[in-house]
Each structure stands twice: as structure tokens, then as C-alpha cells.
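Trainee: Handing you a structure now.
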Amino acid sequence: MATLIGSVPHTTPWYPLEMFLDVAPEAPPWPQLPKRHWREGLLPQYAEGLPGLVEHIQAGKVSVNKEAENVAQAMTVFYEAVMRAQETGDFSYFEISEKASSGISAAREAFSKLTSRPPYVKVQTTGPVSFALGVSDEKDIPLYYDDNYADIVLQNVIMKSLWQIRLFKPYGEKVICFLDEPTLSSFGSSVYIHVTQEQVVSKLSTVVEALHQAGAIVGVHVCGNSEWTMLMDAEADILSFDAYTYGEGMALYAPQVAEYLKKGGTLAWGIVPTNAAIAEETAASLERKLAKLVEHLAGHGVDRDLIWQQTIITPSCGMGSMTEPDAERVLGTLGELAVSVQEKIR
């Protein structure tokens, strides 16, 4: 089946939603609209409620002031809200408001009008590693390096995800929640030399386990190359990657991929490019590319049938920075490709 990463360049949610339901009817997501407002960006969208939050409106970003007068009290309120949510199932404190997402309410309205519930609906949250490395304090130090705030970020990611899962559960047989972790494409570089694999696996595992307990299927999306065993070790159900650019690299982890698939894991092949290359590609050319990548992985000892059975097709990344015509070409190509691949597999 097909699904999407979530972001689109449109400034209203309705047309993207119509296309989402057309090209990914089995797993439609809610649309993120970063060009509508800066608060719908990768980090601000999930930052509401953080103790010491500061909005830099002209720069279109957020930070945290740990030295603000009321931070200690705000941290107490935050953790009380976490405990209350865990005890009662009321996650309203962690709501993603309308000002931070026009796509959520629009998606609920659109999904409620469907004549039958799809097998899945998809939600998404910026993952704990990328969020903690992307949001800094008043000294411009990422929250990742502050133990207290790193835990707050972890709990915030869990709570924002659980709020979405509970909200969208009525609209699909199951809810898929993607954790978007773009920063992990730079894992091992000198920029993040103090970020260890053990830390990444621990943080992701904590979130994945909490979302599993809520009955969700959990994916982790990285829009670049990475150390893919981290995502498998974190027990994510879906490993989402830029297959268009880095697909052959998955064969470097063939033994681990084989074991991952045997345990029920799924590969989300981001085979439809979300850059200028989309102008040169068609559903047919991408189907040939995908088949070649699957054969390459199978040639390294991974069961070919298992790969195809546990494959999802997606764009290589979000489409928020594209033009509307190019994004619509991505969506159209994705829909054609998914139908063609489904027919061949069946």
C-alpha cells in the first residue's frame, strides 16, 4: 500500500486531503502545511506546552528559556499533566492546537465522511532525537544535552503522539504513528559526535513501547542515510527511508533486514523523489527502480517474497518545500505506482 510522510506545500488542507485519500486510501495521513504558517513546521508544531517555551515569530522558530522566572513551576505542571494523562487517558493538555495544525481538524472531518473506515490512518510526530537536537535553550545549546529537558522532550513526544492516536482511532481500523527523525541522517558525523547509538535506541525504544501499549503501529522515518540497525533495535514496526537516493545501501544490513522482516517488520520504500528528479520520473520508471532495489536486497540473502509482502510505498521525504505542481506530480505518480505494484504482487 501507499502512504505519505505528511507535509505538503499547500496553504489549505482540503485539496491535499482529497489527493491523500485518492492515492493512499488504505493509510491516509493528516496534512502538515508548513507554508501556511511557521507554527506548522517540523519543530514548532509539537512544541506547545513545553516549559519555558519562547516563540521567535520573525525567525519562525521556537526555543526554551530555562532561566525564565516560572520555569520550575511550569515543569511541575507539565509532569502533573503527564501523570494525569497516564492515569485517566485524558491527553487534552498535549493537544496540537488549530493554530499549529489546520490539517488535523480538516482530516477528522474528511475521514468522518468516508463510507467505510480505511485499514489504517496515519499520524506523525517529530521524533525525540531530532526534536531535542533541533530545539535549543537560551544559550543556543540543544535540549538533548540537558538531562532534565531531554526527558521533558521524550515525554512530550509520547504525549503528543498518544493524543493523536486517541483522536484518530475512530477513523481507521488501526493507527500508524510515524516518528520523523531527519537528524538521524547525520548520525555519526562530527556535528553530533556526542550522540551515541545506545542513546538513540533507548530514546526511540521508550517512545515505541508507549505507543505500542496504546495499540498503535509505529514507524520511524529518516529522509537520508543512517545506521538502520538503530531503528530495528528500537523495535519500530516500519522503517521508512529515502529509497530513491539510498536504496542500495539497505543491502549493507541484509542479515539484520532479513531478521527484521521475519519478525514482522515492514520497509517503507521512499521511492518517489521529492526533489527536481520527479520531473524526469514516471510510475513505470520508478517501478523498475524499485524492482531493481528489491532484487539487489534479495541478492544479499533477504527473502524476496517477504520483502514484497512487507513493503509500503511512499515519497522519499515530506513535500513541504516543493512547489504545488511538483508535489501534485509526486502524489499522482505515487498513486499510479502503488496500484501497479499491488496488481503485480497479487
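Trainee: Taking the stretch 272-285 as the region of interest, how many residues are open to solvent by less than 50 Å² (accessible area, probe 1.4 Å) and either of a type in the set (Val, Ile, Thr) or not in a helix (DSSP H, G or I) (or both)?
Mentor: 5
Trainee: Another question, if that's okay. Any idea which of (1) crowded, with 22+ Cβ neighbours inside 10 Å; (2) touching a residue at least 40 places away in the same chain (Cβ under 8 Å) is the one residue 255 doesn't satisfy?
Mentor: Here residue 255 meets the rest and fails (1).
Trainee: Among what's in the stretch 87-132 and is among the aliphatic types (A, V, I, L, M) and assigned to a loop (DSSP other than H, G, I, E, B), pick the residue that is most open to solvent (accessible area, probe 1.4 Å).
Mentor: Checked the stretch 87-132; the qualifying residue most open to solvent (accessible area, probe 1.4 Å) is 114.
Trainee: Still on this structure: Could you identify the single residue in 183, 245 that is β-branched (Val, Ile, Thr) and over 15 Å from the mean Cα position of the chain (by Cα)?
Mentor: Going through 183, 245 in turn, just one is β-branched (Val, Ile, Thr) and over 15 Å from the mean Cα position of the chain (by Cα): 245.
Trainee: Another question about this same structure. Checking the condition without any contact (Cβ under 8 Å) to a residue 40 or more places away in the chain and either out of contact with any strand residue (DSSP E or B) (no Cβ under 6 Å at 6 or more places or on another chain) or not in a strand (DSSP E or B) (or both), which residue from 329, 288 passes?
Mentor: Every option except 288 fails the conditions.
Trainee: Which numbered condition trips up residue 195, out of (1) of a type in the set (A, V, I, L, M); (2) at pLDDT below 95; (3) outside any loop (DSSP other than H, G, I, E, B)?
Mentor: (3)
Trainee: Another question, if that's okay. Only residues that are open to solvent by 10 Å² or more (accessible area, probe 1.4 Å), of a type outside the set (D, E, K, R) and assigned to a loop (DSSP other than H, G, I, E, B): list them for the stretch 292-319, please.
Mentor: Those that are open to solvent by 10 Å² or more (accessible area, probe 1.4 Å), of a type outside the set (D, E, K, R) and assigned to a loop (DSSP other than H, G, I, E, B): 299, 300, 301, 310, 317, 318.
Trainee: Quick check, is residue 290 farther than 22 Å from residue 181 by Cα and modelled with pLDDT of 95 or more?
Mentor: Against the criterion (farther than 22 Å from residue 181 by Cα and modelled with pLDDT of 95 or more), residue 290 qualifies.
Trainee: Every residue in the stretch 201-220 that is open to solvent by less than 10 Å² (accessible area, probe 1.4 Å) and part of a helix (DSSP H, G or I), please.
Mentor: Within the stretch 201-220, 204, 207, 208, 211 qualify.
Trainee: Of the conditions (1) touching a residue at least 12 places away in the same chain (Cβ under 8 Å); (2) out of contact with any Leu (no Cβ under 8 Å at 6 or more places or on another chain); (3) not hydroxyl-bearing (Ser, Thr, Tyr), residue 261 fails just one. Which one is it?
Mentor: Only one criterion in (1) touching a residue at least 12 places away in the same chain (Cβ under 8 Å); (2) out of contact with any Leu (no Cβ under 8 Å at 6 or more places or on another chain); (3) not hydroxyl-bearing (Ser, Thr, Tyr) is unmet by residue 261, namely (2).
Trainee: Does residue 224 meet the test of being within 24 Å of residue 29 (Cβ to Cβ), small (Gly, Ala, Ser) and touching a Cys at 6+ places or on another chain (Cβ under 9 Å)?
Mentor: yes
Trainee: Another one. Being open to solvent by less than 60 Å² (accessible area, probe 1.4 Å), over 21 Å from residue 9 (Cα atoms) and either of a type in the set (Phe, Trp, Tyr) or at pLDDT 95 or above (or both): is that true of residue 327 here?
Mentor: So residue 327 does not fit the description; no.
Trainee: Given 79, 93, which one is within 30 Å of residue 27 (Cβ to Cβ), modelled with pLDDT of 95 or more and not polar (S, T, N, Q)?
Mentor: Just a single option satisfies the conditions, and that option is 93.
Trainee: Could you check the stretch 51-67 and list, in sequence order, the residues that are more than 21 Å from residue 11 (Cα to Cα), open to solvent by 10 Å² or more (accessible area, probe 1.4 Å) and in a loop (DSSP other than H, G, I, E, B)?
Mentor: Once the filter is applied, which keeps residues that are more than 21 Å from residue 11 (Cα to Cα), open to solvent by 10 Å² or more (accessible area, probe 1.4 Å) and in a loop (DSSP other than H, G, I, E, B), the stretch 51-67 yields 52, 65, 66, 67.
Trainee: Moving on to the next point. If you take the residues of the stretch 164-189 that are in a loop (DSSP other than H, G, I, E, B) and touching a residue at least 12 places away in the same chain (Cβ under 8 Å), which of them is most open to solvent (accessible area, probe 1.4 Å)?
Mentor: 173
Trainee: Also, quick follow-up: Restrict the check to the stretch 6-23 and report whether at least one residue is in contact with a Cys (Cβ under 9 Å, 6 or more places away or on another chain) and under 15 Å from residue 126 (Cα atoms).
Mentor: Scanning the stretch 6-23, I find at least one residue that is in contact with a Cys (Cβ under 9 Å, 6 or more places away or on another chain) and under 15 Å from residue 126 (Cα atoms), so the answer is yes.
Trainee: Among the residues of the stretch 7-32, which ones are surrounded by fewer than 24 Cβ atoms within 10 Å (Cβ to Cβ) and in contact with a Lys or Arg (Cβ under 9 Å, 6 or more places away or on another chain)?
Mentor: Hits for the stretch 7-32 are 9, 10, 11, 12, 27.
Trainee: Another question, then. Name every residue in the stretch 221-270 that is in a helix (DSSP H, G or I), in contact with a strand residue (DSSP E or B) (Cβ under 6 Å, 6 or more places away or on another chain) and within 22 Å of residue 292 (Cβ to Cβ), in order of residue number.
Mentor: 243, 244
Trainee: Could I ask something else about it? Within the stretch 68-79, restricting attention to residues that are of a type outside the set (A, V, I, L, M, F, W, C) and more than 22 Å from residue 127 (Cα to Cα), which residue is most open to solvent (accessible area, probe 1.4 Å)?
Mentor: 69
The values are calculated or read from the model by the stated rules, or taken from the named source; none is laboratory data. Everything numeric in this text was worked out from a predicted model, so none of it was measured. A quick note on method: Cβ atoms are made from the backbone with ideal geometry, for glycine too, and the neighbour counts reach across all protein chains shown. In case anyone asks, the SASA skips ligands and DNA or RNA and just uses the protein heavy atoms, side chains included. Shrake-Rupley method; radii C 1.70, N 1.55, O 1.52, S 1.80 Å.
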